[in-house]
Amino acid sequence: MPATTTTEFDVLVVGSGLAGLCAALLLAPQRRVALLTKQTLIDSASIWAQGGIAAVMDPGDSLEAHVQDTLAAGAGLCDLEATRFVVEHAPEAIAWLQSQGVQFSEEAGRLHLTREGGHSARRIVHATDATGAAVQTALLERLRETAGITVFERHMLVDLITTPMEMPTEAAEDPAPATGGWPGARRCLGLQALDETSGKLISLKASHTVMATGGAGQVYRHTTNPPTATGDGMAAAWRAGCRVMNMEFIQFHPTCLYHPGARNFLISEALRGEGGRLLLPDGSRFMPAYDPRAELAPRDIVARAIDAEMKRGGLACVYLDITHRGADFIRAHFPTIHARCLQLGIDITCEPIPVVPAAHYACGGVLTDLSGRTDLAGLYAIGETACPGLQGANRLASNSLLECVVLARSAA
Ligand code: SIN
(Lines give C-alpha, C1' and ligand atoms only; values in the text may rest on other atoms or scores of the structure.)
Protein backbone atom coordinates (compact mmCIF):
# COMPACT_ATOMS: atom_id res chain seq x y z
CA MET A 1 0.00 0.00 0.00
CA PRO A 2 1.54 3.39 -0.96
CA ALA A 3 2.18 5.87 1.85
CA THR A 4 -0.41 8.61 2.42
CA THR A 5 0.27 12.24 3.33
CA THR A 6 -2.43 14.69 4.43
CA THR A 7 -2.68 18.39 3.68
CA GLU A 8 -5.38 20.83 4.70
CA PHE A 9 -7.02 23.61 2.63
CA ASP A 10 -10.23 25.64 2.82
CA VAL A 11 -11.51 24.50 -0.57
CA LEU A 12 -10.55 21.66 -2.91
CA VAL A 13 -11.41 22.13 -6.59
CA VAL A 14 -11.15 19.03 -8.75
CA GLY A 15 -10.78 19.84 -12.46
CA SER A 16 -9.07 22.65 -14.34
CA GLY A 17 -11.70 23.31 -17.01
CA LEU A 18 -13.68 26.53 -17.10
CA ALA A 19 -15.86 25.74 -14.06
CA GLY A 20 -12.91 24.72 -11.88
CA LEU A 21 -10.72 27.66 -12.89
CA CYS A 22 -13.52 30.16 -12.27
CA ALA A 23 -14.25 28.71 -8.83
CA ALA A 24 -10.57 28.73 -7.84
CA LEU A 25 -10.05 32.32 -9.04
CA LEU A 26 -13.16 33.55 -7.28
CA LEU A 27 -12.21 31.96 -3.95
CA ALA A 28 -8.51 32.81 -3.75
CA PRO A 29 -6.69 34.55 -2.22
CA GLN A 30 -9.23 34.89 0.64
CA ARG A 31 -9.47 31.09 0.82
CA ARG A 32 -6.66 28.52 0.64
CA VAL A 33 -7.54 26.64 -2.52
CA ALA A 34 -6.15 23.37 -3.90
CA LEU A 35 -6.76 22.83 -7.62
CA LEU A 36 -6.34 19.25 -8.82
CA THR A 37 -6.10 18.03 -12.37
CA LYS A 38 -5.38 14.50 -13.50
CA GLN A 39 -3.22 15.68 -16.39
CA THR A 40 -2.03 19.28 -16.74
CA LEU A 41 -3.82 22.60 -16.39
CA ILE A 42 -4.36 22.82 -20.13
CA ASP A 43 -6.10 19.45 -20.43
CA SER A 44 -9.84 19.96 -20.35
CA ALA A 45 -12.89 19.88 -22.61
CA SER A 46 -13.28 23.63 -22.09
CA ILE A 47 -10.08 24.44 -23.93
CA TRP A 48 -11.42 22.52 -26.96
CA ALA A 49 -14.67 24.47 -27.06
CA GLN A 50 -15.08 26.28 -30.33
CA GLY A 51 -18.52 27.91 -30.46
CA GLY A 52 -18.93 30.36 -27.61
CA ILE A 53 -21.01 31.54 -24.68
CA ALA A 54 -24.71 32.31 -25.09
CA ALA A 55 -25.77 35.64 -23.57
CA VAL A 56 -28.38 38.24 -24.42
CA MET A 57 -26.26 41.23 -25.41
CA ASP A 58 -28.24 42.71 -28.31
CA PRO A 59 -31.06 45.22 -27.62
CA GLY A 60 -33.22 43.39 -30.18
CA ASP A 61 -32.90 40.12 -28.25
CA SER A 62 -34.51 39.28 -24.90
CA LEU A 63 -33.83 37.16 -21.81
CA GLU A 64 -37.24 35.58 -22.29
CA ALA A 65 -36.30 34.48 -25.82
CA HIS A 66 -33.09 32.87 -24.49
CA VAL A 67 -35.14 31.12 -21.78
CA GLN A 68 -37.71 29.87 -24.29
CA ASP A 69 -35.03 28.64 -26.73
CA THR A 70 -33.34 26.75 -23.86
CA LEU A 71 -36.63 25.15 -22.78
CA ALA A 72 -37.51 24.18 -26.36
CA ALA A 73 -34.11 22.55 -26.98
CA GLY A 74 -34.37 20.78 -23.60
CA ALA A 75 -37.57 19.05 -24.74
CA GLY A 76 -39.62 20.21 -21.75
CA LEU A 77 -37.21 18.76 -19.18
CA CYS A 78 -35.30 21.90 -18.18
CA ASP A 79 -35.97 23.33 -14.74
CA LEU A 80 -37.55 26.74 -15.30
CA GLU A 81 -36.00 28.36 -12.23
CA ALA A 82 -32.52 27.10 -13.14
CA THR A 83 -32.97 28.25 -16.73
CA ARG A 84 -34.02 31.75 -15.74
CA PHE A 85 -31.20 31.95 -13.18
CA VAL A 86 -28.47 31.06 -15.68
CA VAL A 87 -29.88 33.15 -18.55
CA GLU A 88 -30.33 36.23 -16.32
CA HIS A 89 -26.74 35.98 -15.04
CA ALA A 90 -25.24 35.50 -18.50
CA PRO A 91 -24.42 39.16 -19.30
CA GLU A 92 -22.58 39.58 -15.99
CA ALA A 93 -20.71 36.32 -16.59
CA ILE A 94 -19.45 37.77 -19.88
CA ALA A 95 -18.49 41.02 -18.14
CA TRP A 96 -16.60 39.08 -15.45
CA LEU A 97 -14.67 37.09 -18.08
CA GLN A 98 -13.76 40.35 -19.82
CA SER A 99 -12.57 41.75 -16.49
CA GLN A 100 -10.26 38.72 -16.24
CA GLY A 101 -8.71 39.62 -19.59
CA VAL A 102 -10.70 37.42 -21.99
CA GLN A 103 -10.79 39.01 -25.44
CA PHE A 104 -13.91 38.15 -27.41
CA SER A 105 -14.34 38.81 -31.14
CA GLU A 106 -15.59 42.28 -31.94
CA GLU A 107 -16.97 44.03 -34.99
CA ALA A 108 -17.31 47.81 -35.28
CA GLY A 109 -16.21 48.19 -31.63
CA ARG A 110 -18.91 45.87 -30.25
CA LEU A 111 -18.97 42.20 -29.36
CA HIS A 112 -19.62 40.12 -32.45
CA LEU A 113 -22.55 37.80 -31.82
CA THR A 114 -22.76 34.66 -33.89
CA ARG A 115 -25.67 32.26 -34.20
CA GLU A 116 -26.04 28.56 -33.48
CA GLY A 117 -28.76 25.93 -33.77
CA GLY A 118 -31.87 26.40 -31.64
CA HIS A 119 -31.19 30.10 -30.97
CA SER A 120 -33.83 32.49 -32.29
CA ALA A 121 -31.33 35.38 -32.31
CA ARG A 122 -27.64 36.11 -32.66
CA ARG A 123 -26.43 35.76 -29.07
CA ILE A 124 -23.23 33.73 -29.08
CA VAL A 125 -20.30 35.70 -27.66
CA HIS A 126 -17.16 34.08 -29.06
CA ALA A 127 -13.44 34.37 -29.82
CA THR A 128 -13.41 33.41 -33.53
CA ASP A 129 -13.79 29.61 -33.53
CA ALA A 130 -11.55 28.96 -30.50
CA THR A 131 -13.55 30.46 -27.64
CA GLY A 132 -12.54 27.86 -25.06
CA ALA A 133 -8.85 28.34 -25.79
CA ALA A 134 -9.14 32.15 -25.49
CA VAL A 135 -11.04 31.92 -22.20
CA GLN A 136 -8.81 29.25 -20.65
CA THR A 137 -5.59 31.00 -21.71
CA ALA A 138 -6.68 34.26 -20.07
CA LEU A 139 -7.88 32.55 -16.88
CA LEU A 140 -4.70 30.49 -16.60
CA GLU A 141 -2.72 33.73 -16.75
CA ARG A 142 -4.86 35.08 -13.87
CA LEU A 143 -4.27 31.82 -12.00
CA ARG A 144 -0.50 32.26 -12.22
CA GLU A 145 -0.86 35.77 -10.74
CA THR A 146 -3.24 34.76 -7.94
CA ALA A 147 -1.87 33.89 -4.52
CA GLY A 148 -3.45 31.16 -2.46
CA ILE A 149 -4.01 28.50 -5.15
CA THR A 150 -1.91 25.35 -4.87
CA VAL A 151 -1.99 23.41 -8.12
CA PHE A 152 -1.72 19.62 -8.12
CA GLU A 153 -1.12 18.50 -11.70
CA ARG A 154 -1.17 14.77 -12.56
CA HIS A 155 -3.22 14.00 -9.46
CA MET A 156 -6.11 11.63 -10.03
CA LEU A 157 -9.16 11.73 -7.78
CA VAL A 158 -9.54 8.33 -6.11
CA ASP A 159 -12.46 8.92 -3.75
CA LEU A 160 -14.14 11.40 -1.47
CA ILE A 161 -13.60 11.24 2.28
CA THR A 162 -16.88 11.40 4.16
CA THR A 163 -18.03 11.14 7.74
CA PRO A 164 -21.42 10.89 9.44
CA MET A 165 -22.70 14.27 10.55
CA GLU A 166 -23.91 14.95 14.04
CA MET A 167 -27.59 15.72 13.88
CA PRO A 168 -28.38 19.11 15.47
CA THR A 169 -31.54 19.06 17.57
CA GLU A 170 -33.41 21.40 15.18
CA ALA A 171 -32.75 18.92 12.34
CA ALA A 172 -35.39 16.63 13.79
CA GLU A 173 -38.00 19.21 12.74
CA ASP A 174 -36.43 19.55 9.28
CA PRO A 175 -36.25 16.04 7.84
CA ALA A 176 -35.30 17.11 4.31
CA PRO A 177 -32.99 20.13 4.11
CA ALA A 178 -31.71 21.15 0.67
CA THR A 179 -28.37 19.45 1.20
CA GLY A 180 -26.95 16.86 3.54
CA GLY A 181 -30.43 15.37 4.02
CA TRP A 182 -31.27 13.80 7.39
CA PRO A 183 -31.27 11.12 8.67
CA GLY A 184 -27.97 9.32 8.07
CA ALA A 185 -26.52 12.48 6.57
CA ARG A 186 -22.82 12.54 5.83
CA ARG A 187 -20.36 15.34 5.29
CA CYS A 188 -17.54 15.54 2.79
CA LEU A 189 -14.20 16.12 4.51
CA GLY A 190 -12.00 16.10 1.42
CA LEU A 191 -10.58 13.51 -0.90
CA GLN A 192 -7.92 11.01 -1.66
CA ALA A 193 -5.89 11.42 -4.83
CA LEU A 194 -3.20 9.44 -6.55
CA ASP A 195 -0.03 11.37 -7.31
CA GLU A 196 0.59 9.86 -10.74
CA THR A 197 4.27 10.87 -10.70
CA SER A 198 5.26 9.31 -7.38
CA GLY A 199 2.58 6.64 -7.22
CA LYS A 200 1.68 7.81 -3.70
CA LEU A 201 -1.80 8.41 -2.33
CA ILE A 202 -2.40 11.79 -0.75
CA SER A 203 -5.30 12.94 1.39
CA LEU A 204 -6.45 16.53 1.02
CA LYS A 205 -8.82 17.87 3.64
CA ALA A 206 -11.13 20.87 3.38
CA SER A 207 -14.54 21.99 4.59
CA HIS A 208 -15.62 22.46 0.96
CA THR A 209 -14.89 20.27 -2.06
CA VAL A 210 -15.93 21.26 -5.58
CA MET A 211 -16.29 18.67 -8.33
CA ALA A 212 -15.60 20.23 -11.71
CA THR A 213 -14.36 17.15 -13.50
CA GLY A 214 -16.31 17.54 -16.76
CA GLY A 215 -18.29 14.89 -18.62
CA ALA A 216 -18.01 11.27 -19.64
CA GLY A 217 -17.76 11.27 -23.46
CA GLN A 218 -15.09 8.57 -23.41
CA VAL A 219 -17.85 6.06 -22.65
CA TYR A 220 -18.50 6.30 -26.41
CA ARG A 221 -16.32 5.23 -29.29
CA HIS A 222 -16.97 8.46 -31.23
CA THR A 223 -16.79 11.60 -29.12
CA THR A 224 -15.73 15.22 -29.42
CA ASN A 225 -14.42 15.04 -25.83
CA PRO A 226 -10.78 14.85 -24.74
CA PRO A 227 -9.37 11.60 -23.29
CA THR A 228 -9.84 13.00 -19.76
CA ALA A 229 -13.67 12.96 -20.03
CA THR A 230 -14.21 9.78 -18.04
CA GLY A 231 -16.90 10.77 -15.55
CA ASP A 232 -14.65 10.52 -12.47
CA GLY A 233 -16.37 13.26 -10.46
CA MET A 234 -19.87 12.03 -11.23
CA ALA A 235 -18.91 8.53 -10.15
CA ALA A 236 -17.15 9.62 -6.95
CA ALA A 237 -20.09 11.81 -5.92
CA TRP A 238 -22.52 8.96 -6.60
CA ARG A 239 -20.39 6.52 -4.61
CA ALA A 240 -20.49 9.01 -1.74
CA GLY A 241 -24.29 8.94 -1.79
CA CYS A 242 -25.20 11.90 -4.03
CA ARG A 243 -28.11 11.58 -6.42
CA VAL A 244 -27.34 11.82 -10.14
CA MET A 245 -29.99 12.86 -12.63
CA ASN A 246 -30.71 12.73 -16.37
CA MET A 247 -27.66 10.55 -17.04
CA GLU A 248 -29.45 9.05 -20.05
CA PHE A 249 -29.36 12.35 -21.90
CA ILE A 250 -26.08 12.26 -23.76
CA GLN A 251 -25.99 14.92 -26.43
CA PHE A 252 -24.57 14.06 -29.82
CA HIS A 253 -23.02 16.93 -31.75
CA PRO A 254 -24.13 16.70 -35.37
CA THR A 255 -20.85 17.67 -36.96
CA CYS A 256 -17.64 16.00 -35.84
CA LEU A 257 -15.00 15.82 -38.55
CA TYR A 258 -15.00 12.45 -40.28
CA HIS A 259 -11.35 11.72 -40.92
CA PRO A 260 -9.11 8.84 -39.83
CA GLY A 261 -6.41 11.33 -38.76
CA ALA A 262 -8.65 13.33 -36.38
CA ARG A 263 -11.35 11.32 -34.70
CA ASN A 264 -12.62 13.92 -32.25
CA PHE A 265 -12.23 17.27 -34.02
CA LEU A 266 -15.39 19.35 -33.80
CA ILE A 267 -16.75 21.40 -36.69
CA SER A 268 -18.47 24.18 -34.78
CA GLU A 269 -22.18 24.71 -35.02
CA ALA A 270 -21.29 28.34 -35.73
CA LEU A 271 -20.46 27.21 -39.28
CA ARG A 272 -24.13 26.40 -39.74
CA GLY A 273 -25.00 29.62 -37.90
CA GLU A 274 -23.08 31.53 -40.55
CA GLY A 275 -24.79 29.73 -43.45
CA GLY A 276 -23.17 26.27 -43.65
CA ARG A 277 -25.37 23.69 -45.37
CA LEU A 278 -25.52 19.95 -44.81
CA LEU A 279 -25.30 17.93 -48.03
CA LEU A 280 -25.55 14.33 -49.16
CA PRO A 281 -22.74 12.97 -51.37
CA ASP A 282 -24.76 13.99 -54.48
CA GLY A 283 -24.74 17.63 -53.29
CA SER A 284 -28.43 17.76 -52.29
CA ARG A 285 -29.61 19.38 -49.02
CA PHE A 286 -31.69 17.27 -46.66
CA MET A 287 -32.31 19.32 -43.48
CA PRO A 288 -35.29 21.33 -44.88
CA ALA A 289 -37.19 18.03 -45.16
CA TYR A 290 -36.67 17.38 -41.43
CA ASP A 291 -37.34 20.75 -39.79
CA PRO A 292 -38.40 24.24 -40.93
CA ARG A 293 -35.28 25.62 -39.18
CA ALA A 294 -33.21 23.32 -41.42
CA GLU A 295 -29.49 23.42 -40.45
CA LEU A 296 -30.35 25.72 -37.53
CA ALA A 297 -32.67 23.29 -35.77
CA PRO A 298 -31.49 22.24 -32.28
CA ARG A 299 -28.61 19.79 -32.47
CA ASP A 300 -30.57 16.70 -31.40
CA ILE A 301 -32.82 17.15 -34.43
CA VAL A 302 -29.88 17.74 -36.78
CA ALA A 303 -27.88 14.81 -35.35
CA ARG A 304 -30.87 12.46 -35.72
CA ALA A 305 -31.48 13.66 -39.30
CA ILE A 306 -27.84 13.00 -40.23
CA ASP A 307 -27.98 9.58 -38.58
CA ALA A 308 -31.18 8.74 -40.50
CA GLU A 309 -29.65 9.82 -43.82
CA MET A 310 -26.47 7.85 -43.14
CA LYS A 311 -28.52 4.73 -42.37
CA ARG A 312 -30.89 5.26 -45.32
CA GLY A 313 -28.06 5.72 -47.82
CA GLY A 314 -25.48 3.41 -46.20
CA LEU A 315 -23.20 6.47 -45.92
CA ALA A 316 -20.02 6.75 -43.87
CA CYS A 317 -20.62 10.52 -43.43
CA VAL A 318 -22.45 13.55 -44.80
CA TYR A 319 -20.92 16.91 -45.81
CA LEU A 320 -20.99 20.43 -44.44
CA ASP A 321 -20.47 23.13 -47.04
CA ILE A 322 -19.66 26.79 -46.33
CA THR A 323 -17.73 27.53 -49.52
CA HIS A 324 -20.40 30.05 -50.70
CA ARG A 325 -19.35 32.47 -47.90
CA GLY A 326 -16.01 33.05 -49.64
CA ALA A 327 -12.43 32.36 -48.61
CA ASP A 328 -11.83 35.67 -46.77
CA PHE A 329 -14.92 35.30 -44.57
CA ILE A 330 -14.14 31.66 -43.81
CA ARG A 331 -10.51 32.32 -42.88
CA ALA A 332 -11.48 35.29 -40.68
CA HIS A 333 -14.34 33.58 -38.81
CA PHE A 334 -13.06 30.00 -38.65
CA PRO A 335 -9.26 30.15 -38.56
CA THR A 336 -8.86 27.10 -36.31
CA ILE A 337 -11.18 24.84 -38.29
CA HIS A 338 -9.69 26.07 -41.57
CA ALA A 339 -6.12 25.39 -40.43
CA ARG A 340 -6.85 21.96 -38.91
CA CYS A 341 -8.79 20.76 -41.95
CA LEU A 342 -6.05 22.06 -44.27
CA GLN A 343 -3.49 20.02 -42.30
CA LEU A 344 -5.62 16.99 -43.09
CA GLY A 345 -5.89 17.87 -46.79
CA ILE A 346 -9.37 19.45 -46.72
CA ASP A 347 -9.61 23.08 -47.90
CA ILE A 348 -12.92 24.25 -46.43
CA THR A 349 -12.84 27.43 -48.57
CA CYS A 350 -13.42 25.36 -51.71
CA GLU A 351 -14.70 21.92 -50.68
CA PRO A 352 -17.31 20.49 -48.28
CA ILE A 353 -16.26 18.97 -44.95
CA PRO A 354 -17.04 15.28 -44.21
CA VAL A 355 -18.91 15.10 -40.87
CA VAL A 356 -20.62 12.59 -38.56
CA PRO A 357 -22.48 12.95 -35.23
CA ALA A 358 -20.44 12.14 -32.10
CA ALA A 359 -21.05 12.05 -28.32
CA HIS A 360 -20.50 15.60 -27.11
CA TYR A 361 -22.06 16.48 -23.77
CA ALA A 362 -23.59 14.86 -20.69
CA CYS A 363 -26.79 16.83 -20.08
CA GLY A 364 -27.26 15.12 -16.71
CA GLY A 365 -24.91 14.78 -13.78
CA VAL A 366 -24.74 15.21 -10.03
CA LEU A 367 -27.95 16.79 -8.79
CA THR A 368 -27.31 20.26 -7.36
CA ASP A 369 -29.10 23.39 -6.33
CA LEU A 370 -28.34 26.77 -7.91
CA SER A 371 -25.27 27.20 -5.72
CA GLY A 372 -23.80 23.87 -6.80
CA ARG A 373 -24.64 22.14 -3.50
CA THR A 374 -25.07 18.38 -3.73
CA ASP A 375 -26.80 15.92 -1.40
CA LEU A 376 -23.56 15.60 0.55
CA ALA A 377 -22.84 18.48 2.91
CA GLY A 378 -19.59 20.20 1.96
CA LEU A 379 -19.59 18.80 -1.59
CA TYR A 380 -20.37 20.97 -4.60
CA ALA A 381 -20.58 20.08 -8.30
CA ILE A 382 -20.37 22.57 -11.16
CA GLY A 383 -20.00 22.49 -14.94
CA GLU A 384 -20.67 19.38 -17.00
CA THR A 385 -20.30 17.19 -13.89
CA ALA A 386 -23.41 18.75 -12.39
CA CYS A 387 -27.11 18.78 -13.11
CA PRO A 388 -28.66 21.95 -11.68
CA GLY A 389 -31.53 21.58 -14.18
CA LEU A 390 -30.54 23.91 -17.03
CA GLN A 391 -29.87 21.45 -19.83
CA GLY A 392 -32.97 19.23 -19.71
CA ALA A 393 -32.93 16.42 -22.27
CA ASN A 394 -30.78 18.35 -24.72
CA ARG A 395 -28.47 21.31 -24.14
CA LEU A 396 -28.92 24.42 -26.22
CA ALA A 397 -25.70 25.30 -28.05
CA SER A 398 -23.24 27.46 -26.09
CA ASN A 399 -25.19 27.17 -22.84
CA SER A 400 -22.46 24.98 -21.33
CA LEU A 401 -19.53 27.39 -20.95
CA LEU A 402 -22.19 29.78 -19.71
CA GLU A 403 -23.35 27.32 -17.02
CA CYS A 404 -19.72 26.80 -15.95
CA VAL A 405 -19.20 30.49 -15.25
CA VAL A 406 -22.60 31.26 -13.72
CA LEU A 407 -22.65 28.25 -11.38
CA ALA A 408 -18.98 28.65 -10.43
CA ARG A 409 -19.78 32.22 -9.40
CA SER A 410 -22.82 31.24 -7.34
CA ALA A 411 -21.02 28.28 -5.74
CA ALA A 412 -18.02 30.46 -4.85
C1 SIN B 1 -19.90 24.13 -31.21
O2 SIN B 1 -19.05 24.99 -31.41
O3 SIN B 1 -20.62 23.66 -32.07
C4 SIN B 1 -20.06 23.59 -29.83
C5 SIN B 1 -20.74 24.55 -29.00
C6 SIN B 1 -21.40 23.86 -27.87
O7 SIN B 1 -21.25 22.65 -27.71
O8 SIN B 1 -22.14 24.52 -27.16
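The values are calculated or read from the model by the stated rules, or taken from the named source; none is laboratory data. Values in this document were obtained by computation on a predicted structure and should not be read as measured data. Quick reminder, even Gly has a Cβ in these numbers, built from the backbone with ideal geometry, and neighbours come from all protein chains shown. Surface accessibility is based on the protein's heavy atoms, side chains included, excluding ligands, DNA and RNA. Shrake-Rupley method; radii C 1.70, N 1.55, O 1.52, S 1.80 Å.
When you scan region 213-251, how many residues do you find that are among the aromatic types (Phe, Trp, Tyr) and either within 24 Å of GLY132 (Cα to Cα) or part of a loop (DSSP other than H, G, I, E, B) (or both)?
2
Yes or no, residue by residue, for (1) closer than 27 Å to GLY389 by Cα; (2) not small (Gly, Ala, Ser):
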| position | (1), (2) |
| --- | --- |
| ALA236 | yes, no |
| ASN246 | yes, yes |
| GLN251 | yes, yes |
| ASP282 | no, yes |
| PRO288 | no, yes |
| ALA297 | yes, no |
| ASP300 | yes, yes |
| ALA308 | no, no |
| LEU315 | no, yes |
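Looking only at region 287-301, count how many residues are buried (at least 16 other Cβ atoms within 10 Å of the Cβ) and either touching a Lys or Arg at 6+ places or on another chain (Cβ under 7 Å) or hydrophobic (A, V, I, L, M, F, W, C) (or both).
6
Out of everything in region 19-70 that is more than 15 Å from the chain's Cα centre (by Cα) and of a type in the set (Asp, Glu), what residue ends up being farthest from ALA93 (Cα to Cα)?
Applying the filter and picking the extreme gives ASP69.
Would you mind stating whether ALA339 is modelled with pLDDT of 95 or more, closer than 23 Å to SER44 by Cβ and more than 14 Å from the ligand (Cβ to nearest atom)?
yes
Counting just the residues of region 1-29 that are exposed (fewer than 15 other Cβ atoms within 10 Å of the Cβ) and of a type in the set (A, V, I, L, M), which one comes out modelled with the highest pLDDT?
Across region 1-29, the extreme among qualifying residues is ALA3.
Checking the structure you have, find out if any residue of region 399-412 is within 13 Å of ASN246 (Cβ to Cβ), open to solvent by 10 Å² or more (accessible area, probe 1.4 Å) and not in a loop (DSSP other than H, G, I, E, B).
No, because not a single residue in region 399-412 is within 13 Å of ASN246 (Cβ to Cβ), open to solvent by 10 Å² or more (accessible area, probe 1.4 Å) and not in a loop (DSSP other than H, G, I, E, B).
Could you give me the residue pairs with C-beta distances under 9 Å whose first residue belongs to region 393-404 and is under 14 Å from VAL125 (Cβ atoms), whose second residue is part of a helix (DSSP H, G or I) and within 7 Å of the ligand (Cβ to nearest atom) wherever it lies, and which are 6+ apart or on separate chains?
From region 393-404, the pairs are ALA397/ALA270; SER398/ALA270.
Would you check if there is a residue in region 365-380 being without any contact (Cβ under 8 Å) to a residue 40 or more places away in the chain, away from the ligand (no atom under 11 Å from the Cβ) and surrounded by 24 or more Cβ atoms within 10 Å (Cβ to Cβ)? Give the derivation first.
Step one: list which residues in region 365-380 are without any contact (Cβ under 8 Å) to a residue 40 or more places away in the chain, which gives 368.
Of the ones still in play, those that are also away from the ligand (no atom under 11 Å from the Cβ) are 368.
From what is left, the residues that are surrounded by 24 or more Cβ atoms within 10 Å (Cβ to Cβ) are 368.
Yes - at least one qualifying residue is present in region 365-380.
Of everything in region 338-356, what is open to solvent by 30 Å² or more (accessible area, probe 1.4 Å) and not acidic (Asp, Glu)? Give them in sequence order.
ALA339, ARG340, LEU342, GLN343, LEU344, GLY345, CYS350, PRO352
Evaluate region 67-79: report whether one residue or more is outside any strand (DSSP E or B) and in contact with a strand residue (DSSP E or B) (Cβ under 7 Å, 6 or more places away or on another chain).
No, because not a single residue in region 67-79 is outside any strand (DSSP E or B) and in contact with a strand residue (DSSP E or B) (Cβ under 7 Å, 6 or more places away or on another chain).
Return the residues of region 256-314 that are in contact (Cβ under 8 Å) with a residue 60 or more places away in the chain, over 21 Å from the mean Cα position of the chain (by Cα) and in a helix (DSSP H, G or I); say none if nothing qualifies.
Listed by number, the list holds a single entry, GLU295.
Go through region 30-57 and count every residue that is at pLDDT below 95, in contact with a strand residue (DSSP E or B) (Cβ under 8 Å, 6 or more places away or on another chain) and either part of a loop (DSSP other than H, G, I, E, B) or of a type in the set (Gly, Ala, Ser) (or both).
2
So which residues in region 315-339 are part of a strand (DSSP E or B) and closer than 12 Å to PRO254 by Cα, if there are any at all?
The answer is VAL318, TYR319, LEU320.
What number of residues within region 255-277 are more than 8 Å from the ligand (Cβ to nearest atom), among the charged types (D, E, K, R) and surrounded by 23 or more Cβ atoms within 10 Å (Cβ to Cβ)?
Qualifying residue count, region 255-277: 1.
Look at GLY60 and say whether it is more than 30 Å from GLU145 (Cβ to Cβ) and either in contact with a strand residue (DSSP E or B) (Cβ under 8 Å, 6 or more places away or on another chain) or surrounded by fewer than 23 Cβ atoms within 10 Å (Cβ to Cβ) (or both). Outline the logic, then answer.
Numbers: more than 30 Å from GLU145 (Cβ to Cβ): yes; either in contact with a strand residue (DSSP E or B) (Cβ under 8 Å, 6 or more places away or on another chain) or surrounded by fewer than 23 Cβ atoms within 10 Å (Cβ to Cβ) (or both): yes.
For GLY60, the condition - more than 30 Å from GLU145 (Cβ to Cβ) and either in contact with a strand residue (DSSP E or B) (Cβ under 8 Å, 6 or more places away or on another chain) or surrounded by fewer than 23 Cβ atoms within 10 Å (Cβ to Cβ) (or both) - is met.
Any residue in region 67-89 that's in contact (Cβ under 8 Å) with a residue 40 or more places away in the chain: show its pairings with residues that are part of a loop (DSSP other than H, G, I, E, B) and of a type in the set (Ser, Thr, Tyr) at Cβ separation under 8 Å, as long as the two are six or more apart or on different chains.
From residues that are in contact (Cβ under 8 Å) with a residue 40 or more places away in the chain, the pairs are GLN68/SER120; ASP69/SER120.
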